[in-house]
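Visitor: I'd like to ask some things about the structure below.
The values are calculated or read from the model by the stated rules, or taken from the named source; none is laboratory data. Treat the numbers as computed from the prediction; the structure is a model and nothing was measured. All Cβ positions, glycine included, derive from the backbone under ideal geometry; neighbour counts span all protein chains shown.
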Amino acid sequence: MSTSDVHYHHGDLSRALLKEGAALINDKGHDKLSMRELARRTGVSPMAAYRHYADKDSLLAAIAADGFLQLTVKLKAVDDTRGDDRSPLLQAGIAYVMFALEQPALFRLMFTAHLAGSSSAELKTARADSFNVLMRHIEPRERGGEGTLSAYGCWSLVHGLALLLLDGWLPVPEDVEADEWLEQIITRTMATRAEPE
């Protein structure tokens, strides 16, 4: 199959590789992803895949960046919620954990230590955009240095919850909806933080 045929067949080979790569990660985990198998599953030669992604790490960084874009969409969606008495910050926290539960393999890739020092500008930008959405939900009086510290604390809370749930250390009780249970944990934790000593 020629390169031109591949582009015609896929429409966008780069996007097809990202989509199939994410599916492979979901099936086998990011450490088992193979460029050769990815090329086979997309119906192209390995050389065609390498024309878009120089190596496995660049592909993983692109998939992780796409994951952050998806997460950002979820976090921004709380701004459009109508009829929900939860604060935007609480909604964003719940959305964060639910994203992890819905796409566990992608979530783990996004935060793998292997990509922490990635030089991918696309990944760095996507990460920053997600964090900036969280910053927008922090109280205006806490903007600046204090706001950043509050955002780190909120992020740590929901990220820790996500990992405890994914690893089976903190199962959701059977008699309650996941988002309602998360609301109880997050609001109680934040209330404790706000209580005077």
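Visitor: When you go through Gly83, Gly43, Gly67 one by one, which is the residue that is in the same structural domain as Ala116 (by TED's automatic domain parsing) and either at pLDDT 80 or above or more than 30 Å from Gly147 (Cα to Cα) (or both)? Spell out how you get there, then give the answer.
Guide: Values: Gly83 fails: either at pLDDT 80 or above or more than 30 Å from Gly147 (Cα to Cα) (or both); Gly43 fails: in the same structural domain as Ala116 (by TED's automatic domain parsing).
Among Gly83, Gly43, Gly67, only Gly67 is in the same structural domain as Ala116 (by TED's automatic domain parsing) and either at pLDDT 80 or above or more than 30 Å from Gly147 (Cα to Cα) (or both).
Visitor: Right, here's the next one. Exactly one condition in (1) more than 20 Å from Asp66 (Cα to Cα); (2) within 18 Å of the chain's Cα centre (by Cα) is false for Val172; which is it?
Guide: Of (1) more than 20 Å from Asp66 (Cα to Cα); (2) within 18 Å of the chain's Cα centre (by Cα), only one is false for Val172: (2).
Visitor: Would you pick out the residues in region 107-130 that are hydrophobic (A, V, I, L, M, F, W, C) and either at pLDDT 90 or above or at positive phi (or both)?
Guide: Correct list: Phe107, Leu109, Met110, Phe111, Ala121, Leu123, Ala126, Ala128.
Visitor: Applying the selection to region 35-75, what residues are in a helix (DSSP H, G or I) and of a type in the set (Val, Ile, Thr)? Talk me through it step by step, then tell me what you get.
Guide: At the first step, the residues of region 35-75 found to be in a helix (DSSP H, G or I) are 35-42, 46-52, 56-75.
Residues satisfying the conditions are Thr42, Ile63, Thr72, Val73.
Visitor: Quick check on Ala54: is it modelled with pLDDT of 85 or more, out of contact with any strand residue (DSSP E or B) (no Cβ under 8 Å at 6 or more places or on another chain) and among the small types (Gly, Ala, Ser)?
Guide: No; evaluated as a whole, the condition is false for this residue.
Visitor: I've got another one for you. Return the residues of region 31-56 that are surrounded by fewer than 18 Cβ atoms within 10 Å (Cβ to Cβ) and in contact (Cβ under 8 Å) with a residue 40 or more places away in the chain; say none if nothing qualifies.
Guide: Gly43, Ser45, Arg51 - these are the residues of region 31-56 that are surrounded by fewer than 18 Cβ atoms within 10 Å (Cβ to Cβ) and in contact (Cβ under 8 Å) with a residue 40 or more places away in the chain.
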